[in-house]
1. Measuring from label point to label point, each 7 Å out along Cα→Cβ, what is the residue 200 to residue 158 span in nm?
2. Considering only protein heavy atoms, what per residue accessible area in square angstrom results for the chain with a 1.4 angstrom probe?
3. Place a label point 7 angstrom from the Cα of residue 132 along the Cα-to-Cβ direction, then list the residues of segment 109-123 whose backbone nitrogen is under 20 Å away.
4. Can you pull the Kirkwood radius for segment 210-257, inverse mean 1/r over Cα pairs, to one decimal in Å?
5. Please work out the FRET efficiency for the pair residue 266 and residue 165, using the Cβ-Cβ distance as r and a Förster radius of 35 Å; give the result to the nearest 0.05.
6. Over every pair of different alpha-carbon atoms in segment 45-91, take the mean of 1/r and invert it; report that Kirkwood radius in Å.
7. How far, in nm, would the chain grow between residue 54 and residue 249 when pulled straight, counting 0.36 nm per residue and subtracting the alpha carbon separation?
8. GNM on the chain, C-alpha springs below 10 Å: top fluctuator among 225, 212, 151?
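The values are calculated or read from the model by the stated rules, or taken from the named source; none is laboratory data. Predicted, not measured: the structure shown is a model, and the values here were computed from it. Reconstructed Cβ throughout: ideal geometry from the backbone, glycine too, with neighbour counts over all protein chains shown. Side chains included, ligands, DNA and RNA excluded: accessible areas come from the protein's heavy atoms. Shrake-Rupley method; radii C 1.70, N 1.55, O 1.52, S 1.80 Å.
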Amino acid sequence: MSEERFGEFVLVRRHEDGHVAELALDRPKAMNAVSSGMARAIAGACTALGEDRDVRVVVLTSTHERAFCVGADLKERNSLSDAELLRQRPVSRGAYTGVLELPVPVIAAVHGYALGGGFELALSCDVIVADRTAVVGLPEVSVGVLPGGGGTQLLPRRVGAARAAELVFTARRVEAAEARELGLVDVLVDEGRDREEALAMAARIAGNSPVGVRAAKRALRLGQGLDLRAGLEVEDAAWRTVAFSGDRAEGVAAFNEKRKPQWPGE
């Protein structure tokens, strides 16, 4: 396993011959509150991972024992003038869009607090694995703002408009069991096993065709919100990108020869 640091607060670890990358939030003294510097680091790490064709899956984790991420750094925000806050906005957005726009599957491994921007980072992932200590929520309206890291758009796509409205308007925190019941998280595991289970899922995904998985993610994302006919056209376009690929040829050959495929990744 190799490690690379982005800024002071983000650590990238490479697993599985470099095919699984772990993006670890590493600002333990602030429970991973997202400062401007940390936002830049997250965005930078996502850019690097997105450009690395060896990376097939990313797992978003935390090094803090009791928190995934408690959201924006409100101490920093309190020190900003209106003009500085406006200039800081694209920096903040860059962290969330960086995760959201990764071309490979992204799995969040959540334990402890995942609140505000912290939960929005998880919502930007494709799958959320949480342990039984997890507490999630979007409490922004309780401090005079709104979920601005994608929460008002990503949450209703997960749980529906009315449920998302209730959660955003009340600003309430949701514990793990209810979060799984409501669909706020996807997989619920025993305490302390979120990272292990997320990495195991990532390893399974990494064993599949990287061309196929990337195209499937693109189809899933682009098809959201479209009517069925338009969505099927998105799927057909994605199919055409894989139908004549080396991965497709290798996958069919390996199946017929009853062996494990050696994906060319192209």
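1. The answer from the label model is 2.2 nm.
2. On the way: 13520 Å² over 266 residues.
It amounts to 51 Å² per residue over the chain.
3. Label zone hits: 109-114.
4. Details: mean 1/r = 0.0878 Å⁻¹.
Kirkwood hydrodynamic radius for segment 210-257: 11.4 Å.
5. On the way: r = 44 Å, r/R0 = 1.27.
According to the calculation, E is roughly 0.20.
6. Working: mean 1/r = 0.0721 Å⁻¹.
Hydrodynamic radius (Kirkwood, Cα pairs) of segment 45-91 is 13.9 Å.
7. Numbers: separation 195, 0.36 × 195 = 70.20 nm, distance 1.93 nm.
So the extension gain works out to 68.3 nm.
8. 225
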